[in-house]
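The values are calculated or read from the model by the stated rules, or taken from the named source; none is laboratory data. Just so you know, these numbers come straight off a predicted model, no measurement behind them. Reconstructed Cβ throughout: ideal geometry from the backbone, glycine too, with neighbour counts over all protein chains shown.
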Amino acid sequence: MTQASSTTQARTAVLERIRAAIGSPKTSLQIPRAYRLETGTSDLIGLLEERIADYRATVHLCDSSKLSQTIAEILERLHVKCLAVPADLPADWIPANLKRLTDRADLEPRSLETADAVLTVLST
């Protein structure tokens, strides 16, 4: 008998003893999946601001006609040179001179360390 086969036999014997001691499962465990699908609040922006504050992030509210200008002013004030953005972000929303790290499947997580800031968007 080889060492591998004796190890396999020993493992099988131990597992058989464990199964005998535990017995077969009676029923499968049912886990309730009663997730809250709606917040019940009409103030979604307020809720977002509250949750974002947990990450020490800042929310800036503006009219859609001033969006590009507001983003450019904030990024300039923060001296941002490299910005992580969602894949579907319109190109004209951020200044052309910034390096963009676009969120895609092939984006290496380590490359996010080079980003000075992250831009996310909520539209209502």
Q) What is the one condition in (1) at positive phi; (2) modelled with pLDDT of 85 or more that Arg56 does not satisfy? A) (2)
**Q.** Close pairs from region 35-56: first basic (Lys, Arg), partner at pLDDT 85 or above and surrounded by 11 or more Cβ atoms within 10 Å (Cβ to Cβ), Cβ under 6 Å, at least 6 apart
**A.** none
Q: Check whether at least one residue in region 20-31 is of a type in the set (D, E, K, R) and either surrounded by 10 or more Cβ atoms within 10 Å (Cβ to Cβ) or under 22 Å from the mean Cα position of the chain (by Cα) (or both), and report yes or no.
A: no
Q) For Glu38, are the conditions met, namely being in a loop (DSSP other than H, G, I, E, B) and closer than 27 Å to Leu119 by Cα? A) yes
Q. Would you say Val59 is touching an Asp or Glu at 6+ places or on another chain (Cβ under 6 Å), of a type in the set (A, V, I, L, M, F, W, C) and surrounded by 10 or more Cβ atoms within 10 Å (Cβ to Cβ)?
A. yes
Q: Only residues that are in contact (Cβ under 8 Å) with a residue 24 or more places away in the chain and of a type in the set (D, E, K, R): list them for region 64-86, please.
A: Lys81
(Q) Which of the numbered conditions does Lys66 fail, given that it passes all the others? Conditions: (1) surrounded by 12 or more Cβ atoms within 10 Å (Cβ to Cβ); (2) farther than 11 Å from Leu119 by Cα. (A) (1)
Q) Looking only at region 90-108, which residues are modelled with pLDDT of 90 or more and either touching a His at 6+ places or on another chain (Cβ under 6 Å) or small (Gly, Ala, Ser) (or both)? A) Ala96
Q: Could you list, in sequence order, all residues of region 77-117 that are of a type outside the set (A, V, I, L, M, F, W, C) and loosely packed, with under 11 Cβ neighbours inside 10 Å?
A: Arg77, His79, Asp88, Pro90, Asp92, Asn97, Arg104, Asp106, Glu108, Pro109, Arg110, Glu113
(Q) I need the full set of residues from region 94-124 which are in contact with a helix residue (DSSP H, G or I) (Cβ under 7 Å, 6 or more places away or on another chain) and not aliphatic (A, V, I, L, M), in order please. (A) Pro95, Thr124
Q: Report the residue count in region 79-124 for those that are closer than 15 Å to Ser68 by Cα, out of contact with any strand residue (DSSP E or B) (no Cβ under 7 Å at 6 or more places or on another chain) and β-branched (Val, Ile, Thr).
A: 2
